Structures are given as structure tokens and as C-alpha cells.
Amino acid sequence: GWGFNGSAQWFANRGYATLQVNFRGSTGYGKSFLHKGDCEWGVGDMQHDLTDSVKWAIEEGIADKDNICVYGGSYGGYASLAGLAFTPDLYKCGVDIVGPSNIKTLLDSIPAYWGPLRNDMLLKIGDVDADEEFNKKISPLFHVDSIKKPLLIGQGANDPRVKQAEADQIAFSMRDKGIPVEYVLYPDEGHGFARPDNRIDFNGRAELFLAKHLGGRYEEFAKPEGSTATFPLEESPKK
């Protein structure tokens, strides 16, 4: 929707054209538009709308086809993983913040007292309980071999919605296959980064990542005193 967005302003300040899309399934456009996203995750119309918007920006001369990043959190983190896995030639890099990599394990981690929410998600996403092949089709974890471009992952260890395992499994899989990936874990964060020092820390690391791969402006990074950033890939040896 319309309104001030700090991230968009930050990206623009660093020299990046920034496009945020109300893809099918977005709220605020009526029930019909909302339900056009049902069972359209990953390889369906929700992701196609992102892909088409990127192609539009390229055709309009707004974006450089060889210099595009997909960046998002929660579902947007999933969309970033899906973008790198299912349209690997479209993006130069990606940033995933608290995004699920395997829809079945995401739903299986939902506590029993969130049961109604889980049922709603099955209706929105598709029945990954009954259809293993459908889950594999839409879950980026099963398409790691298709990922060609660098990925930065940010995750909170206390996330009750998208568990740390969702980040762990794709980060370690990419690392073990030699695909470039950076993974930052904050042990005192949940679904997003609430502590100011951690927000500054991840934004600083993301800014360097974007500058490295896209060439935009950046500030020199200094880890904030209160940051709790850890690096699981560095702490666990490669298989």
C-alpha cells in the first residue's frame, strides 16, 4: 500500500531503484484479489507477479537487467528464496529475512494452540500435508541446486512463526554445495529484529552485501556494541 517505507527510502538513498509490488494475494484490494493468491506460492501467480514486475522495470529502462536483487522478510523472505531458486537468471543476489524454505516443516512447527491458523494457511498455500510432491514443488529447499546467485540470510533464534530451522536448512545446504551464502543469526530476536542495535547491525551487513553485488553506496560498517549477531556457518565445519 501507499505510505512511508523506511527501507525503500534507504535503498533509494544508496542509489537503487526500488519496486514494491502488491502481487496477487495482497490485502487491501478486496476479497477477490486476495484469493487470487490461493495455492499460488513459489511457482504460481504470486511469484509470477514479482517476476513480471521486474521484467516491466527492465523494459521501461528503470532497472539494469544484470543488476537486480530480490529482498524481503517473512513471506517476502520466502519470495526471495523462490526468486533465486525458480528464476535463477533474473536476479544477481537475494536477501532473505526470516523466510521459510520448506513449507511442510514451516507448518509442522506451528504449535497446537495455533491450529486454526495452520488450517487457514493450508487453504492459502495448498495441502502440503497430503501432497508431498506439491510441497517439494513450491519449497525452495528442494531446489537449492538451481540457485546460482549469492544469498544473505537474517534470522531470529526465537522466531515463533518461522523457526530457525528454516534458515539453517537452506543456509547449510547451500554452503555444503558451494553456493555463496551468508547467514546472520540473532539469538535474542524473533520474527524480525526488534532491538535497535540488531536492526542497525543487519542493515549494515545488508548494505555491504548489496554494495558488493550491485555497486551502490554504503557506509563503513562497525558492529554496534549491543549487537548479538552470530554466524552459524562459521561455527559449524563444512561436511
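Only the coordinates and a few stated rules stand behind these numbers; no lab work does. If you're wondering where the values come from, they're calculated on a predicted model, not measured in any experiment. So basically every Cβ, Gly included, is an ideal-geometry build from the backbone, and we count neighbours across all protein chains shown.
Would you check which residues across segment 1-20 are closer than 16 Å to GLY73 by Cα, hydrophobic (A, V, I, L, M, F, W, C) and outside any helix (DSSP H, G or I) and list them? The answer is LEU19, and nothing else. Residues in segment 187-239 that are among the acidic types (Asp, Glu) and touching an Asp or Glu at 6+ places or on another chain (Cβ under 8 Å): GLU189, ASP197, GLU207, GLU219, GLU225.
Taken together, GLY72, GLY94, GLY83 contain a single residue that is of a type outside the set (A, V, I, L, M, F, W, C), without any contact (Cβ under 8 Å) to a residue 40 or more places away in the chain, crowded, with 19+ Cβ neighbours inside 10 Å and part of a strand (DSSP E or B), which is GLY72.
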